[in-house]
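Just dropping this structure here.
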Amino acid sequence: MKNHNTKPSNSQPANSNVTSKNIGIDAHDMKECIDASSRFMGRFNVVKLLGECGAYKEKGVPIRVIFLYIFNLMFSPMSMYYQIKMDTFHEDFSKNTVYRFLENIHMNWHLFLLRLSSVVIRYVAGLTEDSDNRYALLVDDTPLPKCGRTMELVSKYFNHVTMGYEYGYRVLTLAWTDGVTTIPVRYSLLASSYDEKVRGKIREDIDGRSLGGRIRKMARTSMNDLTVKFACDAVKAGIPANIIAFDSWFAVPHTISRLMKEAKLTVIARLKTNSKQYYEFDGRMMNIKTIYTICSKRRGKAKWKLSVNVNLLVKEKNKIIERIPVKLVYLPNRANTKEWICILSTDTGMAECEIIRQYGKRWNIEVLFKCSKQFLKFGKDFQSPSFEAQNAQTAIAFTRYMLIAVEQRESEDYRSCGELFMLFYKELQDITFIKSLALVVSLFKEGMMKLLGVSTEQVQVVVDYVVAALPGYLQRVLSVANGLAQAA
């Protein structure tokens, strides 16, 4: 295999001493966004956490260098494959080193993300001055399409957005929010528990007691059971939160009961507008449609139309084993004024407007998914068939989101995570363009002096004449490039 290193290419003329170093286009010097990545890693001890979670090397390229390269791929317009193909991959390690790092069966990426998020959350929580603010945990899943037949545990699932069947994973995610900043905490790539729906290979040679066996078992566990496990893990890790919010897919009586008992959290969830789930209201069993019909509603353009206290029934083998007092809040649907939305809260003493406000935070996890997929190369960096590599890519994408979230929180003006990423990326591309022009100007000057015997002053006169004849925006860019060339 071709050995890629950091030595410059020999494509320049033999008499040319102009390199990327002496015109100041070293990557770590010119890319402020990559400097931010390095500061983030040092500030939150990312390398130390990687070592504690199983990522270490006895010799060779340090883990920090490999991880930082993978981490900063989000700022690159090309993947590692195209960097190698276009001969722009100039690192001290080969692609095999990267894949060995991602496919390391001893690296616990789930624990790494939990510990890193705990550190970041403690920092972000210290910035909140609102004493009435309630920290919340958010739960949701998002599809991650993968079509490779050799990719492990790729399964068939129904996508409720496209209303069709796809192949890939569903990524169940637990995130923390204070209403402004959202931090991913736990995740799991979910595969089907039915073998006939699994398109990829199923490895049976892995001990179920090992780390690899545990993450594969977790991948085929139900979402509701994992939701309870993730919430308990977050509470045990010391993440400050007393509310958990999710949509109707997770609003199951058994799940709500377990979250209250095991995680000690207040549950706020949207309910499905079907007639299958019954509640105890005024001594009778009713669904939410019947309750809304028989009760008098608030008139006018009220924020919420109806609020009632009912008992949520937890059943087992058609027998009621528990009654949970909950509050149902009905509010108009903005998408269709003739319809309504019902939100459940296990805290019956919480005000209706506060319940609506807390549930509104759930939208932050949708923003997390969109930003990760659109900007942070969520699951798109590498196409390794290894299940460990797929988990590693997910954890790294969420770590990238933490960087953007911290930068967003510390910025003076309020900008979305997507806007901040595009600001980083635009700045990176602008600097690269200017440095490239500086290289062209330097080579042009040097060629005229050596081949034509022109003095430095005469060359500068020619450059000034060319710049003056160009449009204004090109004059500004070339003036900066000319200044860099003179400094070199």
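The values are calculated or read from the model by the stated rules, or taken from the named source; none is laboratory data. The shown structure was predicted, so the numbers you read here are calculated from the model rather than taken from an experiment. Because the Cβ atoms are built from the backbone with ideal geometry, glycine has one as well, and the counts that use them run over all protein chains shown. Calculation scope for accessible area: heavy atoms of the full protein, side chains included, ligands and nucleic acids excluded. Shrake-Rupley method; radii C 1.70, N 1.55, O 1.52, S 1.80 Å.
A quick yes/no check of all residues on (1) part of a loop (DSSP other than H, G, I, E, B); (2) in contact with a Lys or Arg (Cβ under 9 Å, 6 or more places away or on another chain):
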position: Gly212; (1), (2): no, yes
position: Pro240; (1), (2): yes, yes
position: Ile256; (1), (2): no, no
position: Thr273; (1), (2): yes, yes
position: Lys289; (1), (2): no, no
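Here is a follow-up. List the pairs whose first member sits in the range 112-131 and is in a helix (DSSP H, G or I), whose second member is at pLDDT below 85 and open to solvent by less than 10 Å² (accessible area, probe 1.4 Å), and whose Cβ atoms are under 8 Å apart, counting only residues at least 6 apart or on separate chains?
none
Of everything in the range 145-179, what is within 21 Å of Ser372 (Cα to Cα), at pLDDT below 90, in a strand (DSSP E or B) and open to solvent by less than 10 Å² (accessible area, probe 1.4 Å)? Give them in sequence order.
Hit for the range 145-179 is Gly168, nothing else.
I would also like to ask the following. Would you tally the residues in the range 322-342 being within 19 Å of Asp282 (Cα to Cα) and either outside any strand (DSSP E or B) or hydrophobic (A, V, I, L, M, F, W, C) (or both)? Walk me through it before giving the result.
Start the filter on the range 322-342 by keeping residues that are within 19 Å of Asp282 (Cα to Cα), which leaves 322-330, 342.
Cutting the leftovers down to either outside any strand (DSSP E or B) or hydrophobic (A, V, I, L, M, F, W, C) (or both) gives us 324, 326, 328-329, 342.
Residues that pass the stated criteria total 5.
Filter the range 236-249 for residues that are within 19 Å of Val185 (Cα to Cα) and more than 21 Å from the chain's Cα centre (by Cα); which is least open to solvent (accessible area, probe 1.4 Å)?
Applying the first criterion (within 19 Å of Val185 (Cα to Cα)) to the range 236-249 yields 236-247.
Filter once more, so that each one left must be more than 21 Å from the chain's Cα centre (by Cα): 236, 238, 242-243.
Details: Lys236: 170, Gly238: 48, Asn242: 72, Ile243: 1 Å².
Checked the range 236-249; the qualifying residue least open to solvent (accessible area, probe 1.4 Å) is Ile243.
Name the one entry in Lys289, Lys272, Lys315, Lys327 that is open to solvent by less than 30 Å² (accessible area, probe 1.4 Å), of a type in the set (D, E, K, R) and within 16 Å of Ala251 (Cβ to Cβ).
Numbers: Lys289 fails: open to solvent by less than 30 Å² (accessible area, probe 1.4 Å); Lys272 fails: open to solvent by less than 30 Å² (accessible area, probe 1.4 Å); Lys315 fails: open to solvent by less than 30 Å² (accessible area, probe 1.4 Å).
Only one candidate passes the filter, namely Lys327.
On to the next question. Testing Ile84 on (1) over 23 Å from Leu114 (Cβ atoms); (2) open to solvent by less than 30 Å² (accessible area, probe 1.4 Å); (3) of a type in the set (A, V, I, L, M, F, W, C); (4) not in a loop (DSSP other than H, G, I, E, B), one condition comes back false. Which one is that?
If we test Ile84 against (1) over 23 Å from Leu114 (Cβ atoms); (2) open to solvent by less than 30 Å² (accessible area, probe 1.4 Å); (3) of a type in the set (A, V, I, L, M, F, W, C); (4) not in a loop (DSSP other than H, G, I, E, B), just (2) comes out false.
Using the structure shown, decide if Asn96 is surrounded by fewer than 20 Cβ atoms within 10 Å (Cβ to Cβ), touching a Ser or Thr at 6+ places or on another chain (Cβ under 7 Å) and assigned to a helix (DSSP H, G or I). So that I can check it myself, show each step before the final result.
Working: surrounded by fewer than 20 Cβ atoms within 10 Å (Cβ to Cβ): yes; touching a Ser or Thr at 6+ places or on another chain (Cβ under 7 Å): no; assigned to a helix (DSSP H, G or I): yes.
Criteria not met by Asn96.
One line per residue, one yes/no per condition, for (1) part of a helix (DSSP H, G or I); (2) open to solvent by less than 10 Å² (accessible area, probe 1.4 Å); (3) within 20 Å of Thr97 (Cα to Cα):
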{"site": "Ile365", "(1), (2), (3)": "yes, yes, no"}
{"site": "Lys373", "(1), (2), (3)": "yes, no, no"}
{"site": "Lys380", "(1), (2), (3)": "no, no, yes"}
{"site": "Asn391", "(1), (2), (3)": "yes, yes, yes"}
{"site": "Leu403", "(1), (2), (3)": "yes, yes, no"}
